[in-house]
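The values are calculated or read from the model by the stated rules, or taken from the named source; none is laboratory data. Everything numeric in this text was worked out from a predicted model, so none of it was measured. Here the Cβ positions follow ideal geometry from the backbone for every residue, glycine too, while neighbour counts run over all protein chains shown.
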Amino acid sequence: MARITPTTDSVIWDSFEQPHRKTREYTAFGPFQFDRRQYDDALRALNAAIGSDET
């Protein structure tokens with residue numbers, strides 16, 4: 001799991017955790033920051049690719 005924080009210019013993924021393995025340490029993992037426009041474009045492309053298989 002992760003916290004996803006969208007802003008006008010970016011999307012940040014942080015606060016990673018694995019709920020089934022509480023003892024694992026993820027503090028050194030991330031944060032990951034993405035350009036908001038590129039992020040939204042990637043989600044739209046993924047949605048179009050997934051939706052194209054529907055009949």
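Any residue that is touching a helix residue (DSSP H, G or I) at 6+ places or on another chain (Cβ under 7 Å), modelled with pLDDT of 95 or more and either on the phi < 0 side of the Ramachandran plot or not in a loop (DSSP other than H, G, I, E, B) (or both) - is there at least one of those in segment 11-22?
Yes - at least one qualifying residue is present in segment 11-22.
Checking the structure you have, find out if any residue of segment 7-22 is of a type in the set (Ser, Thr, Tyr), surrounded by 11 or more Cβ atoms within 10 Å (Cβ to Cβ) and under 15 Å from the mean Cα position of the chain (by Cα). Break it down stepwise before answering.
Residues of segment 7-22 of a type in the set (Ser, Thr, Tyr): 7-8, 10, 15.
Restricting the remaining residues to those that are surrounded by 11 or more Cβ atoms within 10 Å (Cβ to Cβ) gives 10, 15.
Add one more test, that the residue is under 15 Å from the mean Cα position of the chain (by Cα), and what stays is 10, 15.
Checking segment 7-22: at least one residue is of a type in the set (Ser, Thr, Tyr), surrounded by 11 or more Cβ atoms within 10 Å (Cβ to Cβ) and under 15 Å from the mean Cα position of the chain (by Cα).
Name the pairs: first residue in segment 4-29 and within 21 Å of ASP40 (Cα to Cα) and without any contact (Cβ under 8 Å) to a residue 40 or more places away in the chain, second residue of a type in the set (Asp, Glu) and assigned to a strand (DSSP E or B), Cβ to Cβ under 9 Å, at least 6 apart or on different chains?
ILE4/ASP14; THR5/ASP14; ASP9/ASP35; SER10/ASP35; VAL11/ASP35
If you scan segment 25-42, which residues turn out to be farther than 17 Å from ARG3 by Cα and either assigned to a loop (DSSP other than H, G, I, E, B) or of a type in the set (A, V, I, L, M) (or both)?
Once the filter is applied, which keeps residues that are farther than 17 Å from ARG3 by Cα and either assigned to a loop (DSSP other than H, G, I, E, B) or of a type in the set (A, V, I, L, M) (or both), segment 25-42 yields only ALA42.
It is to be established whether one or more residues within segment 35-55 are in contact with a helix residue (DSSP H, G or I) (Cβ under 8 Å, 6 or more places away or on another chain), of a type outside the set (A, V, I, L, M, F, W, C) and on the phi < 0 side of the Ramachandran plot.
No: segment 35-55 contains no residue that is in contact with a helix residue (DSSP H, G or I) (Cβ under 8 Å, 6 or more places away or on another chain), of a type outside the set (A, V, I, L, M, F, W, C) and on the phi < 0 side of the Ramachandran plot.
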